[in-house]
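Only one structure is covered here, and it is reproduced in the block below.
The values are calculated or read from the model by the stated rules, or taken from the named source; none is laboratory data. Remember, predicted model here, so these are calculated numbers, not experimental data. Here Cβ is always computed from backbone atoms with ideal geometry, including for glycine, and neighbour counts include all displayed protein chains. SASA here: full protein model, heavy atoms, side chains in, ligands and nucleic acids out. Shrake-Rupley method; radii C 1.70, N 1.55, O 1.52, S 1.80 Å.
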Amino acid sequence: LAFCAIYQKGVLKVAATRGDGIEGDDITANIRTIRALPLTIPCKAERLEVRGEIYMTKKGFLELTRQQEALGETPFRNPRNAAAGSIRLLNPQLVAKRPLSVILYGMGLNDGVPEMKTHMEMTRFLHEQGFPVQPRVILCNGIAEVLDAISEIEKLRHSFPFEMDGAVIKVNDRSLYA
């Protein structure tokens with residue numbers, strides 16, 4: 001489940017789902033229960049907007065499924081539905097019991113944050129702030145290397161602790177994003 005979170009002077013202030021691309025659901029209380037997302041960070045910028053995904057590991061999903069079945073509840077169909085359904089619960093205490101995690105992959109509108117020239121530089125910055133970022137990044141030069149990297153990820157995808165749809169290709173030079 002895609003989300004964004006806004007930090008002001010290093011403190012998590014608000015978080016929302018992507019929603020329809022313009023307006024999402026306020027998930028601030030629930031996201032505060034996810035241990036992987038820091039409530040405070042070293043960056044004291046006026047505003048730092050981070051973007052990422054809320055997910056559930058395959059192992060966590062199996063544990064949740066066992067618990068739901070033991071209680072006579074209908075289990076979620078897959079980890080994606082479990083993560084999305086969990087973060088939308090109205091009770092943060094219940095959300096805190098779910099095995100949710102996050103991974104950060106981007107930044108939005110910021111005030112007081114140094115400009116990042118490359119995606120790799122931005123990823124390093126996020127990691128330095130204490131955010132979990134994708135541990136496996138393959139920097140490619142040219143489409144042939146991109147295709148090789150996709151092939152490598154396809155071979156490894158079932159060994160990852162989470163489900164995935166496929167590889168994400170990012171242009172490293174952020175000046176080309178616009």
| Roughly what percent of Cα-Cα pairs across the range 1-101 reach past 16 Å? | 57 percent
| said: Can you give me the distance in nm between label points at N78 and E128, each placed 7 Å from the Cα along the Cα-to-Cβ direction? | reply: 3.8 nm
| message | Would you work out the Kirkwood radius for the range 39-89? I mean one over the mean of 1/r across all pairs of different Cα atoms, in Å. | response | 13.1 Å
| field | In the range 6-57, the trypsin sites (Lys or Arg not before Pro) that fall in loop regions by DSSP, at most 16 other Cβ within 10 Å | value | K9, R18, R32, R35, K44
| query | Of H119, H158, H127, which has the most accessible area with a 1.4 Å probe, and how do the rest follow in descending order? | reply | H158, H127, H119
| message | What's the magnitude of the charge dipole for the range 91-166 around its Cα centre, counting Lys and Arg as +1 and Asp and Glu as -1 at the beta-carbon? Answer in Debye, nearest 20. | response | 380 debye
| query | Quick one: if you stick a label point 7 Å off each Cα along the C-beta vector at S175 and T118, how many nm between them? | reply | 1.4 nm
| remark: Over all viewing directions the Cα convex hull of the range 74-148 casts an average projected area in nm² of 8.3 nm²
| Which whole-number percent is the relative contact order of the chain (Cα, under 8 Å, 6+ apart)? | 23 percent
| message | Heavy atoms only, 1.4 Å probe, whole protein assembly: order R80, R174 by accessible area, highest first. | response | R80, R174
| query | Ranked by accessible surface with a 1.4 Å probe, highest first, in what order do F162, F3 come? | reply | F162, F3
| message | I'd like the FRET efficiency for D148 and Q93, computed as 1/(1 + (r/R0)^6) with the beta carbon distance as r and R0 of 45 Å, rounded to 0.05. | response | 0.45
| said: Taking only complete DSSP H runs, can you tell me which helices of the chain stretch 24 Å or more along their own long axis by Cα positions and average at least -1.0 on the Kyte-Doolittle scale? | reply: none
| Any idea of the accessible area per residue across the range 17-162, 1.4 Å probe, to the nearest Å²? | 62 Å²
| said: I'd like the accessible area for V171, computed on protein heavy atoms only with a 1.4 Å probe and all protein chains in place. Round to 10 Å², please. | reply: 80 Å²
| message | Starting from the 7 Å offset along Cα-to-Cβ, what nm value, one decimal, do you get for the label separation of A36 and I22? | response | 3.2 nm
| message | Compute, for the chain, the length of the dipole vector about the Cα centre, with Cβ point charges of +1 (Lys, Arg) and -1 (Asp, Glu) only. Units Debye, rounded to 20. | response | 540 debye
| task | Work out, in µm²/s and without decimals, the Stokes-Einstein translational diffusion coefficient of the chain at 37 °C, 0.692 mPa s, Rh from Kirkwood over C-alpha pairs. | result | 186 µm²/s
| remark: In whole percent, the fraction of accessible protein surface over the range 20-178 that belongs to carbon or sulfur atoms, probe radius 1.4 Å, stands at 54 percent
| said: Output needed: percent of Cα pairs per 10 Å distance bin for the range 61-118, bins running from 0 to the one holding the longest distance. | reply: 19, 40, 16, 17, 8, 1
| note | GNM of the chain, Cα pairs under 10 angstrom: of F125, F160, F61, the biggest fluctuation goes to F160
